[in-house]
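Notes follow the structure.
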Amino acid sequence: MSWFKRENGDYPAAVGGSAPDGGADAAGKTVRTEGLWMKCLGCRQIIFKADLDANLNVCPKCHHHFKIGARQRIDLLLEPGYELVDGGLRSTDPLNFTDVKSYKKRLAAAQEATGLDDAILNAVGQLGHHKAVVSAMEYGFIGGSMGAVVGETIARAVDRARLGRMPLIVVAASGGARMMEGVVSLMQMAKISSALAQLDDAGVPYICVLTDPTTGGVTASFAMLGDLNIAEPGALIGFAGPRVIEQTIRQKLPEGFQRSEFLLEKGFLDAVVHRRDLKAYLIRALDFMKVSAVA
C-alpha cells in the first residue's frame, strides 16, 4: 500500500521528476530531464548542461576541460564566415583489416556518428585580424587516429598556409597513428613533418594546440614541431601512455606525469592556456611573430 500518491502532472520538471505514466503532465506534455545534467570527470560534481555549454565545455567548478569536436574548435577560434576546405577525402581499407569488426564498418560507424569523412577538418578564415589556416582533429572519429586521410589533409593545410603565407594553427587531439592502416599511417608522420620543414623555410608561423589526449605518432611528429607549442590545462600528452610506461619500467610515475602542467614545468611546452583565453592568446602570439618576422 502506498503512503503517498500524486496525480499526473505533480512531478515538477525543476527537480527532475517524472509522472508515473512515463512523464506526461496535465497539459499532455512530456517532462524530459535526460541530458540536462552531467558529472564532471575532474571534481565529480554534477553540472547543469546549459552552464557547461555556456562555459565553453569547461567545468565552472574545477575548470576541467571536456573534450569538444573539431567543428566546435574551429567555431571557437575563427570568426563567423570561415570556409571549410580540403574535404571529401575518405579512407580506404588497404589491409582489409578486421579485429572484433572490420575496419570498413568502423569507418562507416564513425562517419555516421560524427558527420565527418575522417578525423580532421581544415578551415580558412579570420583569427582576429589575421587570416589563418586551422586544421582541427576530431577525437570522436576512431580516437582521432591518424591515417592516410588525416595525414593528407594536414599536409594540404600546411601547403595552403605556405603558398598563401597564412599562419597555420593545428589543434591536436589523437590517440596516435591508426593501426588499421599499418605502415601507411606511420608514413604520415614523415609526410607532415617534411611539409612543416618547408613551411619553416618559408618563414610562415606554425602553432600547435595540444588537447586531451595527444599521444602516439601525433606527438612524435607534428604536434611537437610548432614554433609555439601550447596546451589546454590537464591535457594528457606523450608517446606511450602512463600505464604502459609503468608496466615497462616497473616504477610508479610522478604525480601529474604527462599532463600539460608537468610538461610545461619540464620545458616540453611553451604555455598552458585556458580555453576561454586561447583565441586571444593566439592573436597576441601571431602579432608578435609578425613583428619579429618584419624585424
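Computed from Cα atoms, the angle from the helix 103-114 axis to the main principal axis of the chain rounds to 70 degrees.
How much net charge surrounds Val149 when only other residues with a Cβ under 15 Å from its Cβ are counted (Lys, Arg +1; Asp, Glu -1)?
On the way: positive: Arg90, Lys104, Arg106, Arg156, Arg178, Lys191; negative: Asp86, Asp93, Asp117, Asp118, Glu138, Glu152, Glu181.
Neighbour charge sum, excluding Val149 itself: -1.
For a quick check, take a GNM of the chain with Cα springs below 10 Å and name the residue from Ala231, Ala177, Ala110 with the largest mean-square fluctuation. Ranking Ala231, Ala177, Ala110 by mean-square fluctuation puts Ala110 first. Here the chain is treated with +1 on each Lys and Arg Cβ and -1 on each Asp and Glu Cβ, and its dipole about the Cα centre works out to around 340 debye.
Just rank His65, His130, His274, fewest to most, by other beta-carbon atoms within 10 angstrom.
Values: His65 21, His130 18, His274 13.
Fewest-to-most ranking of His65, His130, His274: His274, His130, His65.
Of Pro167, Pro254, Pro94, the residue with the greatest mean-square motion in the GNM of the chain, using alpha carbon springs below 10 Å, is Pro254. Between Gly128, Gly175, Gly216, the Gaussian network model of the chain with springs among Cα atoms under 10 angstrom shows the greatest mean-square fluctuation at Gly128. Panel order for Thr114, Thr214, Thr98, by other beta carbons found within 10 Å of each beta carbon, from fewest to most: Thr98, Thr114, Thr214.
By the count of other C-beta atoms within 10 Å, a proxy for reagent exposure, Glu152, Glu246, Glu138, Glu83 are ordered fewest to most as Glu83, Glu246, Glu152, Glu138. Which net charge results for the neighbourhood of Asp277, defined as the other residues with beta-carbon distances under 14 angstrom from its beta-carbon, given Lys and Arg at +1 and Asp and Glu at -1? Here the count lands on +3.
Charge tally for Ala70 (other residues, Cβ to Cβ under 14 Å; Lys, Arg +1; Asp, Glu -1): -2. Each of Ala50, Val124, Ala190 was placed along the dipole of the chain (beta-carbon charges, centred on the mean Cα), and the one lying farthest toward the positive end is Ala50.
Scaled against the 2.2 N^0.38 Å expected of a compact globular protein of N residues, the Cα radius of gyration of the chain reads 1.17.
Taking 8 Å as the Cα distance limit and 6 or more residues as the minimum spacing, I'd like the relative contact order of the chain as a percentage.
On the way: 522 pairs, mean separation 34.9, N = 295.
Averaging sequence separation for qualifying contacts and normalising by length gives 12 percent for the chain.
Rule-based calculations on the coordinates, nothing more; no lab input. Remember, it's a predicted structure, so these values are computed and weren't measured experimentally. All Cβ positions, glycine included, derive from the backbone under ideal geometry; neighbour counts span all protein chains shown.
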